């Protein structure tokens, strides 16, 4: 009976993917996870959410869902299909080995796209939305730029060229999205063994931290091994302060969506030479054309003399 249920579920999943109705699968899972976490907060920690922040996140989610239904999934998926059918260099089989390679390529692309989003001004202007919440719960998982998936993940379009079929692409996207929701919670502390190789809640909390030692760390979506391999891993030592280095004090969804773009526009306007204006698009957030800025590297360099003085004073 269990095998029959599994086969039925797999069949329903396949049908929804082929019909492009992935929201039918994701929406009830997200809703159930959200309600469970909300109740668990009340029964265990008594820590209340910031209701205004949560409401803003859910409003952004609803708009994002509406956009995906009418446009957001069609254009990226259409391009994935076009690239797969006409430009692919390989063909990955639908055997377990093919699925494993597809997943590893997808997760690696996520790592580098995510890292680019944090280290270039243009893409940070979009990704800024996700990190602007000072809370950390499941609603934050879907707090994203309304044009996300269409313009903010360029490396994902390499995947069909490398042989990942549209069905594999969408299936992996759904399953990693569920895992991505699970990451965004305070209720799960450490997960021995899993913390070593997965982007668990503990590891992903670091990524959302505004504390200096947590900046630009732990980009992985499912696997944290990419961060360990490429030198961006940081263990959670104490719970982070969530949000941005300079927080935006608003729960207005529209203001949240445009805050990063407004920030970038101000940076571009501050430069007079067109070369410097262009540099703001690809240099790290905090870079300044007219002197020391506030990139992660700048902030770390400013901290070192203070630490050296404190050590000498003892």
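Bear in mind these aren't lab numbers, they're just calculated from the coordinates by the rules spelled out. Since this is a predicted model, take the numbers as computed values, not measurements. As a convention, Cβ positions derive from the backbone with ideal geometry for all residues, glycine included, and neighbour counts pool all protein chains shown.
Can you tell me how the range 124-181 classifies by the Cα gyration tensor, rounded, prolate or oblate, using a/c under 1.5 as the rounded cut? Taking the square roots of the gyration eigenvalues as a ≥ b ≥ c, the range 124-181 is oblate. Our estimate of slack between residue 158 and residue 273, defined as 0.36 nm per intervening residue step minus the Cα-Cα distance, is 38.0 nm.
Return 274, 265, 226, 146 ranked ascending by Cβ neighbour count within 10 Å, so the fewest neighbours appear first. Write down the numbers at each step before the final one.
On the way: 274 9, 265 13, 226 23, 146 18.
Placing the least packed residue first, the sequence is 274, 265, 146, 226.
Taking a ≥ b ≥ c as the square roots of the Cα gyration tensor eigenvalues, with a/c under 1.5 meaning rounded and otherwise prolate when a/b beats b/c, else oblate, which class fits the range 84-180? Prolate. Here each label is just a point 7 Å from Cα along the line to Cβ, and for residue 43 and residue 104 those points are 4.0 nm apart.
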